[in-house]
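Worksheet for the structure shown next.
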Amino acid sequence: MTDVVIESVAGFVTGGLALSAAWGFFWLAIGLVGLSRRTCGRRIVLMGAVGGCVPLALAIALLWWMGGFERMTPVFAAGLVGMPTVLAGLWLRRMPDGQRAGTHLAAGVRYLREDLLGMHHGCGGCHDGHDQKTCR
């Protein structure tokens, strides 16, 4: 019984670390594009790399501790799917304004991405090639 609990919790934690690594690498990609356009600094790229590499290294260490891919059981796989399921449930949760939490998260990510990539907000979203200062 203890092995089942350990494997399911390890799968749950590994699923969370995998999601965290994917999120970090997403922001690393956004940061690299922003750095090439000179709309954000190296700190954003560094934080994206750290945000992707640290959880990935922890997930690899946890998989190594579990015995590698050969020792994965259906209980571990069920735990692995647990964290994405929890996040999907939170995504669908209603906020006090009546909208779903996922809508707020997507809007925040869109705004931050546009800010890092130098999108202009005043003229309908033109890119950094537009030189009017009123667009920012």
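The values are calculated or read from the model by the stated rules, or taken from the named source; none is laboratory data. Since the structure is predicted, the reported quantities are computational estimates derived from the model, not experimental observations. Note: ideal-geometry Cβ built from the backbone for every residue, glycine included; neighbour counts use all protein chains shown. The protein model used for the area step is the full one, side chains on, heavy atoms only, and it has no ligands, DNA or RNA in it. Shrake-Rupley method; radii C 1.70, N 1.55, O 1.52, S 1.80 Å.
Ellipticity at 222 nm from helices only: DSSP H runs of n ≥ 4 in the chain, each -39500 (n - 2.57), divided by the residue count, give -25000 deg cm²/dmol. About its Cα centre, the chain has a charge dipole of approximately 500 debye under the convention of +1 per Lys or Arg Cβ and -1 per Asp or Glu Cβ, with nothing else charged.
Rolling a 1.4 angstrom probe over the protein heavy atoms with all chains in place gives the stretch 1-87 an accessible area of 63 Å² per residue. When a 1.4 Å probe is rolled over the protein heavy atoms, the share of accessible surface on the chain that falls to carbon and sulfur comes to 67 percent.
Looking at the stretch 1-95, the trypsin sites (Lys or Arg not before Pro) that sit in a DSSP loop and have at most 14 other Cβ atoms within 10 Å of their own Cβ are ARG38, ARG93. You can think of it this way: the chain between VAL5 and HIS104 has 32.2 nm of extra reach, that is 0.36 nm per residue less the Cα-Cα gap. Per residue, the convex hull spanned by the alpha carbons of the chain comes to 135 Å³.
Near the amide H of CYS40, within less than 5 Å, lie the amide hydrogens of LEU35, all on another chain or at least 5 residues away, with H placed in the peptide plane.
Couplings 3J(HN,Hα) for the stretch 34-47, derived from phi with the Karplus relation 6.51 cos²θ - 1.76 cosθ + 1.60 (θ = phi - 60°), are x, 5, 5, 8, 6, 9, 8, x, 5, 4, 5, 5, 4, 5 Hz, where x marks Gly and Pro.
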